[in-house]
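Data first, discussion second: the structure below is written as structure tokens.
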There are 2 protein chains.
Amino acid sequence: MTSRQYDLGGAELEVLKVLWDEGPVTVRDVMTHLHDNGRQVAYTTVQTLLTRLEQKRYAASDKSGLAFVYRAKVSRDRVTRYRRKVLLSQLYDGAAGPLVLQLVRTEKLTPEEVRELQALIDELDTRR
Amino acid sequence: MTSRQYDLGGAELEVLKVLWDEGPVTVRDVMTHLHDNGRQVAYTTVQTLLTRLEQKRYAASDKSGLAFVYRAKVSRDRVTRYRRKVLLSQLYDGAAGPLVLQLVRTEKLTPEEVRELQALIDELDTRR
DNA sequence: GGCTTCCTCCGACAAACGTAGTAGGTTGTC
DNA sequence: GACAACCTACTACGTTTGTCGGAGGAAGCC
């Protein structure tokens with residue numbers, strides 16, 4: 001259990017998302033965005049979170065003017081893929097099929113999404 | 001952050017899965033199953049995990065003969081649904097569509113699964 | 001009746017996480 | 001040049017999670 005790659009807590013992820021969405025930002029910028037999202041958190045808490053993200057190599061920083069500016073070092077896609085994989089292996093025995101079926105059955109898809117899905121299936125069909 | 005319902009760590013989930021798959025079992029049973037799955041873990045560790053599961057109301061136990069027998073109190077479906085929801089809200093903004101598309105695109109579905117998926121889509125289509 | 005085996009109860013401990021306070025430096029403004 | 005506003009560095013602390021060890025009691029065996 002020592003791999004733990006792309007493993008981060010909820011609060012850390014929240015901060016990383018700000019980095020993804022807002023590009024290079026300062027501690028204060030992140031705090032402001034979190035506050036805007038209704039997440040009341042102290043300045044130094046954000047700072048700690050960013051420092052940890054940097055220790056874990058999910059982010060990097062440079063001194064720019066009077067404050068450090070942080071940016072993400074891992075892509076959203078990479079983290080997302082990893083989490084998806086974890087969910088799949090932890091609860092679906094690694095099989096994507098059942099998860100897909102459940103999602104389509106229980107969550108509302110937009111017409112647009114349904115169209116795309118149909119297109120994908122067609123492709124899978126003709127490919128065989 | 002005080003809801004934390006259906007929130008359990010990886011090791012706790014492993015134990016819960018044994019309860020789901022094997023029905024009422026003793027500490028030793030669980031340990032044996034974990035060992036069979038390649039997870040080397042001490043007897044008392046399993047005991048602690050089961051105790052915590054019980055504290056969190058995910059499991060219950062009765063004294064049966066000389067050892068306690070544990071059983072799951074939450075369904076696999078309930079936990080699975082919750083975890084799915086967490087993934088969705090943490091990384092997909094709550095929208096299932098993108099996740100479904102990614103899964104279909106990147107994971108191999110069996111022909112059978114594709115057929116089921118097609119059937120589901122057809123239903124969605126005619127329902128509109 | 002003593003030895004081995006199993007079980008439960010408790011305590012413990014390190015790492016990870018979420019959260020934040022304090023100290024001390026830089027800067028901008030009257 | 002003093003004060004307010006910011007910034008970084010460091011420390012800290014409670015909770016959760018993963019992992020066990022030891023003490024002490026019932027049971028089976030010879």
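The values are calculated or read from the model by the stated rules, or taken from the named source; none is laboratory data. Predicted, not measured: the structure shown is a model, and the values here were computed from it. Neighbour counts are summed over all protein chains in view; Cβ atoms, including those assigned to glycine, are modelled from backbone coordinates with ideal geometry. With ligands, DNA and RNA removed, areas are computed over all heavy atoms of the protein, side chains included. Shrake-Rupley method; radii C 1.70, N 1.55, O 1.52, S 1.80 Å.
Tell me, please, whether a residue that is surrounded by 14 or more Cβ atoms within 10 Å (Cβ to Cβ) and free of Cβ contacts under 8 Å to residues at least 12 places away in the same chain can be found in region A:24-32.
yes
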For region A:28-128, list the helices (runs of 4 or more DSSP H) that sit wholly inside it and hold at least 3 residues that are closer than 21 Å to B:ALA96 by Cβ; which are they?
A:76-91, A:96-106, A:111-127
Write out, first by first residue and then by second, each pair whose Cβ atoms fall under 8 Å of each other, whose residues are 6+ apart or on separate chains, and whose first residue, in region A:36-54, is within 10 Å of A:VAL15 (Cα to Cα) and open to solvent by less than 50 Å² (accessible area, probe 1.4 Å) while the second is near DNA strand C (Cβ under 7 Å from one of its atoms) and not small (Gly, Ala, Ser).
A:LEU49/A:GLU12; A:LEU53/A:LEU8; A:LEU53/A:GLU12
Residue that is nearest to B:TRP20 (Cα to Cα) [pool: residues in region B:72-105 that are more than 8 Å from every other protein chain (Cβ to nearest Cβ) and among the β-branched types (Val, Ile, Thr)]:
B:VAL74
